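One structure below.
The values are calculated or read from the model by the stated rules, or taken from the named source; none is laboratory data. Since the structure is predicted, the reported quantities are computational estimates derived from the model, not experimental observations. Here the Cβ is made from the backbone with ideal geometry for all residues, glycine too, and neighbour counts use every protein chain on show. These accessible areas exclude ligands, DNA and RNA; they are computed on the full protein's heavy atoms, side chains included. Shrake-Rupley method; radii C 1.70, N 1.55, O 1.52, S 1.80 Å.
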Amino acid sequence: MSTTFPAGFLFGTATASYQIEGGVHEDGRGPSIWDTFSHTPGKVAHGDTGDVACDHYHRLDDDLDLMASLGVDAYRFSIAWPRIQPTGRGAANRAGLDFYERLVDGLLGRGIRPVATLYHWDLPQPLQDAGGWAQRDTAYALADYAAIVGDALGDRVAEWTTLNEPWCSAFLGYGSGVHAPGVTDPVSALCAAHHLNLAHGLALQALRARVRDDARFSVALNLHVVRPDRPDDAGDVDAARQIDAVGNRVFTGPMLEGGYPDDLLADTAAVTDWAFVHDGDLADIHQPLETIGINYYSTSRVRRWDGTGSNNHSAGHNASTASPWPGADTVQFLPQPGPHTEMGWNIDPSGLYELLMRMHREHPQQSLLVTENGAAFADAVTDADGSPAVHDADRVDYLRRHLTVVAQAIADGADVRGYFAWSLLDNFEWAYGYEKRFGLVRVDFDTLERTPKDSARWYAGLARTHELDA
Ligand code: IFM
């Protein structure tokens, strides 16, 4: 049995600037919140930082050749804001733009479609010093930065993503504090979510005004698939609704429907009165959008908490005593049955199918891209014939099972146009440092040598044939 993906379906790989580039002091780049956070003792496993990462900044041409050797159709990368505006404001840093021009030209020259993400978490530190995403000005600063990037790359990049996973920026960055900038304040987290929404809308307007007419725009959301533990228990069903509101509809509401959901405002009323939403903001946020980008890894199971034990709000996102779920203290997250990846995340492809069909049903005017999907496993390196190899059958199985449901969603009517494997390379997995390996290509972090894993070869075959074997 095999499944055929439609002609034109994009098979891509994805990365993000801070996770792979290194070269943090090169060519005028300024510090980002992740430089500060990773250099703060106790924030990242083993004290790892992105100072060198995969050294992609210095190995760009080799990495482009690597992508070409895999035969992928597209590459989703992010632009480091502090390379373009080292302080987050003011004139463009030419050397920073040059790097991304070389990247884009190198992709196009190899027949690979660039998909550029404006913001994947590396906020310039001076903007954080002024309040970061809890501060309204940051949204306007992102729009200025978008204009610079649009002017520089807009003639060649036809696929743009504004933000990557604003939920993580807002709620892990300002709620539980397990991500940079490490703030633990529920009001700041909701405020940050609104300013990220505003930034999305303003950046979209700035980009659309200056890039090629055929450009398509998306936002990459890590939408949560939340299931009530007891589907016939009204409390559990309501707990799932609550997490859906503060995990998903806090972004899809304003971005795709022009307003914050009433139930979200009610659930969080004891936390904030949402006075940070100004007149006109919702119109700015609710911009036409061609595509919804979906980043999917696993599912969650919740109950109405009876107050005993822990509500387990740190589930899946490192230990923190602060919650990333404002207004949802009486929701309890339950451990998910296995199998799990090395992140401790349960493997459940049905969640991806559910999300794709939900977005298709609720937002039929938008096409869909799976902008991230993949898994960290404890890869073993074998060295039988003098050259290293990684036989990552578990990752191949993960990818195959998730791509099977993507094909099923397409067959069932969802307009899914592409899939981006997370990630091209093993890289800096945020608070987990280099310990968790998501790459199709192994990176030896001592020598920086790249070794395509079996999954890379498998994925290359799929990109070539569009045939998924069962
Ligand atoms: O590595 C991250 C990425 O930066 C954002 N999405 C999830 C990935 C795996 O945790």
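Values computed for the structure shown
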| quantity | calculated |
| --- | --- |
| Residue-span extension gain [D469 to D155] - 0.36 nm each, minus C-alpha spacing | 109.2 nm |
| Mean Cβ count within 10 Å, highest first, over the residues of peptides 241-254, 371-384, 32-45 | 241-254, 32-45, 371-384 |
| Added length on full extension, which subtracts the Cα-Cα distance from 0.36 nm per residue, A130 to R89 | 13.6 nm |
| For the chain, calculated [θ]222 nm from helices alone, where every DSSP H run of n ≥ 4 adds -39500 (n - 2.57) | -10000 deg cm²/dmol |
| Electrostatic dipole magnitude of the stretch 112-252 [Cβ: Lys, Arg +1; Asp, Glu -1; Cα centre; debye, to 20] | 360 |
| Average accessible surface area per residue within the chain, 1.4 Å rolling probe, Å² | 35 |
| Three-way shape call for the stretch 333-449 based on the alpha-carbon gyration tensor, with the a/c threshold at 1.5 | prolate |
| Dipole of the stretch 88-174 [Lys/Arg +1, Asp/Glu -1 at C-beta], most positive-end residue of G106, G150, P126 | G106 |
| Ranked by how many other beta carbons lie within 10 Å on average, peptides 181-189, 213-221, 14-22 from highest | 14-22, 181-189, 213-221 |
| Percent accessible area from carbon and sulfur atoms, the stretch 1-41, protein chains only, probe 1.4 Å | 60 |
| Selection of chymotrypsin sites (Phe, Trp or Tyr not before Pro), the stretch 395-442, meeting DSSP coil and at most 11 other Cβ within 10 Å | none |
| Gain on full stretching of the segment that runs from H340 to D105 - 0.36 nm per residue minus C-alpha separation | 80.7 nm |
| Of all accessible heavy-atom area on the stretch 183-326, the percent that carbon and sulfur account for (1.4 Å) | 50 |
| Point-charge dipole on Cβ atoms (K/R +1, D/E -1) for the stretch 1-129, about Cα centre, debye to 20 | 380 |
| Solvent-accessible area, 1.4 Å probe, carbon plus sulfur percent, for the stretch 335-417 | 53 |
| The chain - Debye-derived log10 I(q)/I(0), Cα point model, q = 0.09, 0.11 Å⁻¹ | -0.55, -0.85 |
| Within the stretch 381-470: Cβ-based charge dipole about Cα centre, in debye rounded to nearest 20 (Lys, Arg +1; Asp, Glu -1) | 260 |
| Pairwise centroid distance, computed over Cα atoms, of the stretch 186-216 with the stretch 405-470, Å | 28 |
